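Following: one structure in structure tokens, then a few remarks.
The values are calculated or read from the model by the stated rules, or taken from the named source; none is laboratory data. Just so it is clear, the structure is predicted and the values come from calculations on it, not from any experiment. Glycine gets a Cβ as well: all are built from the backbone with ideal geometry, and neighbour counts include every protein chain shown.
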Amino acid sequence: MPRIRNCKDLRAAVSAREGVIADDGPVEQEKAMRFDSLLTNAVIFHNALDLSETVRRLLGEGREIDPEDLAA
């Protein structure tokens, strides 16, 4: 999988379609864009939950975590 550096890269990686959606009508284009956005947001939310759980577990084990290490 290619390295994902920003939201646009993520949206392209999780897109359920390939290429341009110009062949579809405006309603189908809107649906595709909304679906891609919803899926991208779900992946971002899931990653944030995973990171939060890991940080809580590490803190519970007594490890120190530098906030700068978590900064994006």
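Of the helices (runs of 4 or more DSSP H) that lie entirely inside the chain, those containing 2 or more residues that are surrounded by 10 or more Cβ atoms within 10 Å (Cβ to Cβ) and either touching a helix residue (DSSP H, G or I) at 6+ places or on another chain (Cβ under 8 Å) or modelled with pLDDT under 85 (or both) span 7-14, 26-60. If only residues of segment 26-70 that are over 17 Å from the mean Cα position of the chain (by Cα) and among the polar types (S, T, N, Q) are counted, the one that is farthest from Ala12 (Cα to Cα) is Thr54.
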